[in-house]
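The values are calculated or read from the model by the stated rules, or taken from the named source; none is laboratory data. The shown structure was predicted, so the numbers you read here are calculated from the model rather than taken from an experiment. Using ideal geometry, Cβ is built from the backbone for each residue, glycine included, and neighbour counts are taken over all protein chains shown.
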Amino acid sequence: MTAVPALPARPRERSKAWRRFGANRLAVAGLVIVAVLCVVALFAPQFAPADPARQDFAALLQPPGAGHVLGTDELGRDTLTRVMYGARISLSAGLVSVLVALVAGSLLGLVAGFVGGWLDELIGRVIDAMLAFPFLILAITLAAILGPSLQNTMLAIAIVTTPAFARVTRAQVIAQRELEYVQAAGALGAGSGRTLLRHILPNISGALIVQASLAIAEAVLAESTLSFLGLGVQPPTPSWGSMLNTARGYLQTAPWLALAPGVVIFLTVLAFNLLGDGLRDALDPKGRTR
């Protein structure tokens with residue numbers, strides 16, 4: 001039975017995976033950017049030079065300079081401060097929504113892939129129906145139905161992200177359930193729940209981690225889009241998307257209003273995509289033989 005001895009060898013495999021990840025400079029760069037963004041989001045009150053809601057009518061639309069590194073907006077609010085606080089909204093929306101989708105999608109995929117039969121058909125048809133709609137269109141529709149708020153934005157993004165996790169989990173479970181270590185676990189008296197949680201789930205966790213890192217990038221972009229359209233976080237709470245929406249009217253007179261949140265959104269999405277690609281290469285089963 002070739003797969004059973006692989007379970008104790010996981011620490012060694014993880015060590016090899018981390019070495020492959022460390023050799024990927026783009027992936028490491030993505031990890032560093034993500035870490036910096038998380039630190040800024042967590043400690044925004046300590047790092048921010050001003051209150052994100054404080055208005056200064058004597059400093060309206062000031063360009064970047066010594067007093068305001070990234071300038072001020074139409075109400076005299078410090079742009080750098082609002083970008084820092086906006087990181088809290090975007091990252092929390094991305095992380096929470098993807099975590100909910102990961103749990104829900106994994107459960108659906110585990111059940112569908114392991115049980116099979118009519119239940120697999122039912123879950124599969126629902127997943128296919130949801131995936132037939134473009135991601136952002138479905139998220140916008142759900143957010144419009146639920147109403148504008150951060151909680152509803154997270155829920156909408158979680159709902160539209162769940163089918164991707166369910167499909168990935170189902171495919172992985174179907175591939176794993178016929179392997180010898182699963183048959184051996186059943187022969188030793190392990191029930192379906194124990195087999196799924198103790199044996200199959202740890203062996204497919206790599207694919208789920210990769211999917212989660214890529215999904216966070218998509219979720220951050222979706223939250224920014226919803227806030228840009230007025231369906232996400234409402235003013236005066238700072239959000240990268242709402243900041244871009246406000247900046248539309250000042251593109252010629254105050255371009256820094258759009259440049260700051262736009263660049264941060266770009267870097268965040270790029271960083272999570274680089275991180276996901278690096279994890280995928282590091283956790284690729286074919287790479288473990290190298």
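Go through the stretch 216-232 and give me each residue that's surrounded by fewer than 24 Cβ atoms within 10 Å (Cβ to Cβ) and within 16 Å of Ser92 (Cα to Cα).
Ala217, Glu218, Leu221, Thr225
Based on what the data block shows, is Gly71 closer than 26 Å to Ala258 by Cα and either in contact (Cβ under 8 Å) with a residue 40 or more places away in the chain or of a type in the set (A, V, I, L, M) (or both)? Steps first, please.
Working: closer than 26 Å to Ala258 by Cα: yes; either in contact (Cβ under 8 Å) with a residue 40 or more places away in the chain or of a type in the set (A, V, I, L, M) (or both): yes.
Answer is yes for this residue.
When only residues in the stretch 244-290 that are among the aliphatic types (A, V, I, L, M) and farther than 30 Å from Leu60 by Cα count, which is modelled with the lowest pLDDT?
First, the residues of the stretch 244-290 that are among the aliphatic types (A, V, I, L, M): 244, 247, 251, 254, 257-260, 263-265, 267, 269-271, 274-275, 279, 282-283.
Filter once more, keeping what is farther than 30 Å from Leu60 by Cα: 269-271, 274-275, 279, 282-283.
Numbers: Val269: 95, Leu270: 95, Ala271: 96, Leu274: 94, Leu275: 94, Leu279: 89, Ala282: 85, Leu283: 78.
The extreme case among them is Leu283.
Select, from Ala139, Ala143, Ala158, Ala166, the only residue that is surrounded by 15 or more Cβ atoms within 10 Å (Cβ to Cβ), assigned to a helix (DSSP H, G or I), touching a helix residue (DSSP H, G or I) at 6+ places or on another chain (Cβ under 7 Å) and at pLDDT 95 or above.
Numbers: Ala139 fails: at pLDDT 95 or above; Ala143 fails: at pLDDT 95 or above; Ala166 fails: at pLDDT 95 or above.
The unique qualifying residue is Ala158.
Between a first residue in the stretch 107-135 that is within 20 Å of Leu208 (Cα to Cα) and a second residue that is surrounded by fewer than 14 Cβ atoms within 10 Å (Cβ to Cβ) and among the aliphatic types (A, V, I, L, M), which pairs have beta carbons less than 8 Å apart while being 6 or more apart in sequence or on different chains?
Val111/Leu119; Ala112/Leu119
Restricting the search to the stretch 38-57, which residues are β-branched (Val, Ile, Thr) and crowded, with 16+ Cβ neighbours inside 10 Å? Show your work before the answer.
Filtering the stretch 38-57 down to residues β-branched (Val, Ile, Thr) leaves 39-40.
Once the filter is applied, which keeps residues that are β-branched (Val, Ile, Thr) and crowded, with 16+ Cβ neighbours inside 10 Å, the stretch 38-57 yields only Val40.
Would you check if Ala35 is under 31 Å from the mean Cα position of the chain (by Cα), part of a loop (DSSP other than H, G, I, E, B), among the aliphatic types (A, V, I, L, M) and modelled with pLDDT of 85 or more? Can you show your working first?
Details: under 31 Å from the mean Cα position of the chain (by Cα): yes; part of a loop (DSSP other than H, G, I, E, B): no; among the aliphatic types (A, V, I, L, M): yes; modelled with pLDDT of 85 or more: yes.
Taking the combined requirement at face value, the residue does not satisfy it.
Determine, yes or no, whether Arg248 is in a helix (DSSP H, G or I) and without any contact (Cβ under 8 Å) to a residue 60 or more places away in the chain. Explain how you work it out, then say what you get.
Numbers: in a helix (DSSP H, G or I): yes; without any contact (Cβ under 8 Å) to a residue 60 or more places away in the chain: yes.
In short, yes.
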